[in-house]
Amino acid sequence: MENLSPSLSSANTNTSGMTVAEFLTPPFQQVSVLRKLGPYGRMLRLEPATPKAPDPEFLVRLLTDHAGHQAHIRHGAGNHYKNLENLLRGTHKASSTTIDILAKCLGLPQGYLEEKAGSAVDGPLMPDILALFKVIEGLPMRVTSITLSSVVPCPCCGENLLADVDAWWSNHAPGIGRAEYHFVERLLNALVGVGLVESFIAKYRKPAPLAFENLDRLTNPLHHPIGNWIREAQASLSCKTLSALVTDMQLRGGIGATFSYGRLKKWSAGQDVMPLAAGEAIAEAYGQAKSGIKRLMAARTIALATDFVAASWPTTVHVVSREEAQKVVHARLVQLGTNLRIAIAAMAGQTPPLSRLSANTASS
């Protein structure tokens with residue numbers, strides 16, 4: 001588990017009437033799907049014709065190989081899970097040695113666990129852990145939304161070029177509900193927000209691969225997002241075919257030795273969810289374990305967004321294909337990139353290039 005101090009419960013600084021926690025983790029709004037969701041979309045646990053707000057637990061499923069935050073905690077605690085449960089439920093008093101072991105297993109401050117002793121008599125064992133996953137999505141989403149809150153008048157009509165969400169979706173996915181496209185917009189804002197933060201931090205660190213640059217390569221509608229990620233791995237390992245990648249991984253041993261061609265082909269096509277552990281083995285093989293696994297998380301997010309668009313876009317003519325839905329996600333991600341460049345240029349007091357302005361205007 002990530003070594004992050006869960007201090008959200010004590011955040012009480014107001015921002016426009018909201019606490020920091022409320023600002024960073026706004027609740028998901030109720031959405032509807034019309035069809036069964038694809039493998040990645042099923043992480044949302046939504047059913048057709050049953051309007052429901054996505055449970056934030058989907059973020060845990062998206063960013064880990066676990067079914068929810070309590071399964072994530074159980075994995076981190078390992079054989080010490082029962083001691084953790086007894087500590088938090090208040091059924092037994094834990095020794096300082098036990099608390100120290102649990103803190104190390106979970107990557108949490110020892111003092112935090114001591115404070116939480118007996119705090120979860122029933123209900124979720126560690127709600128702050130779920131809150132952290134919500135911040136992982138909410139913080140970069142807010143970074144993007146704040147950056148795009150600039151006003152950049154169109155040179156032709158005077159309208160704000162950056163306030164294009166409703167018009168853009170009406171043109172590119174006519175008929176899809178406002179709540180539904182705003183949910184997708186939120187996911188994509190989080191992705192590009194991580195990219196903004198990553199590129200800013202990179203300026204002050206040694207050169208390293210950026211996991212969230214060129215995200216449009218992962219949305220290329222010719223292939224499933226996971227297929228695009230696997231193709232990037234193939235290029236890094238000089239494997240021209242999927243079968244060559246399978247052979248390479250099997251020769252390396254470890255978890256890669258369990259990869260069959262059929263299994264990798266299903267992952268590449270998005271027919272089955274590719275475990276992060278499998279992606280980590282491939283990323284380690286080409287020497288980019290950290291950035292590679294983060295990029296796979298981005299691909300999984302894009303796959304979820306694509307599945308959601310395909311399931312929520314109404315049409316009486318045909319079922320929306322993965323390719324059609326992904327074309328929309330791809331186009332929107334590219335547009336968000338353009339909008340961010342315009343906003344950043346405006347914030348710096350620069351005039352955005354006319355080519356960017358015209359491209360934005362044409363797609364609005």
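What follows draws every value from the coordinates through simple rules; no lab data is involved. In this text the structure is predicted, and so the values were computed from the model without any measurement. All Cβ positions, even for glycine, are placed from backbone atoms using ideal geometry, and neighbour counts span all protein chains on display.
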For semi-axes √(5λ) of the Cα gyration tensor in Å the list reads (1) 37, 23, 20; (2) 31, 23, 20; (3) 35, 27, 21; the calculated value is entry (3)
The orientation-averaged projected area of the Cα convex hull of region 67-125, in nm², is 3.6 nm²
So the compactness index of region 57-101, its C-alpha Rg divided by 2.2 N^0.38 Å, takes the value 1.31
Here the FRET efficiency for E114 versus A208, based on Cβ atoms and R0 = 35 Å and rounded to 0.05, is 0.45
Here the relative contact order (percent) of the chain, from C-alpha pairs under 8 Å and at least 6 apart, is 20 percent
Mean Cβ-within-10 Å packing, highest first, puts peptides 295-307, 238-250 in the order 295-307, 238-250
Sorted by chain and number, the residues with a modelled amide H under 5 Å from that of T19, at a separation of 5 or more or across chains, are none
Cross-link reach from K104 to lysines, straight Cα distance under 20 Å and at least 8 residues apart if same chain, gives K82, K93, K116
Here, C157 and E323, labelled 7 Å along Cα→Cβ, have an inter-label distance in nm of 3.2 nm
For K203, the aspartates and glutamates lying under 20 Å Cα to Cα, once residues fewer than eight places off in the same chain are dropped, come out as E213
Toy charge model, Lys and Arg Cβ at +1, Asp and Glu Cβ at -1: the chain dipole around Cα centroid in debye, rounded to 20, equals 700 debye
Once amide hydrogens are built 1.01 Å from N within the peptide plane, the residues lying 5 or more places from V31 or on another chain with amide H under 5 Å from its amide H are K52, A53
Candidate cut points under trypsin sites (Lys or Arg not before Pro) in region 33-102, DSSP loop plus at most 10 other Cβ atoms within 10 Å of their own Cβ, are K93
Among A348, Q234, I302, the residue whose Cα sits farthest towards the positive end of the charge dipole of the chain (+1 at Cβ of Lys and Arg, -1 at Cβ of Asp and Glu, taken about the Cα centre) is Q234
